[in-house]
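Bear in mind that the values in this text are calculations on the coordinates, not laboratory data. Keep in mind the model is a prediction, meaning the values are calculated, not measured. Cβ coordinates were reconstructed from backbone atoms using ideal geometry, including for glycine residues, and neighbour counts include every protein chain displayed.
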Amino acid sequence: MTHDPLDKVSPPTPVSARQTGNGLASVVRVKHNAVPYRIRFSIPVLKHHATLAEMLKHSLLRSEKATGIYHAEANIVTGTLLIKYHPAFHSEADVIQTLNEQVRKLCSGEMVPYEKHKNPKLGKMQPHAFFTRELVVSVCGNVLAGLVLVALAP
């Protein structure tokens, strides 16, 4: 008898259905939970909304009720949230309930965005910015070195 790994995957579980102020539906469902202690949720309200994704992620990781949740990673392109949790602290049902509460707070406006949430790029250097800075420093350094050599040459 072969064992089908899809037998372990539960059907999509609705957690919450709310409307945000801007009319985006935030129906949350379990998208994938075949890997133990790791759940991927589909949260359409996060799709293309980096601020909401950052707020939800930080509120989950800082919540006193979510001490066993040690990783939350939002994907704004797909509108998903990956949560990893420690089984000694939470069951899958506890994680779903905690996420349900946080999404309810997010959608009802109870979460206040901080400056970091308003601009997730704040304090982070973009990958191309590092290359551009290094290129400018290198070119300027070479030009300066060339000028010094010309000035010192007889």
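Using Cβ point charges alone (K and R +1, D and E -1), the dipole size of region 43-116 about the Cα centre works out to roughly 100 debye.
Using 15 Å as the cut-off for backbone N distance, which residues of region 49-69 belong to the label zone defined by a point 7 Å from the Cα of ALA88 along Cα→Cβ? Output list for this probe position: 67-69.
Spin-label pair THR51-LYS65: with each label point 7 Å from Cα along the Cα-Cβ axis, the two points sit 2.5 nm from one another.
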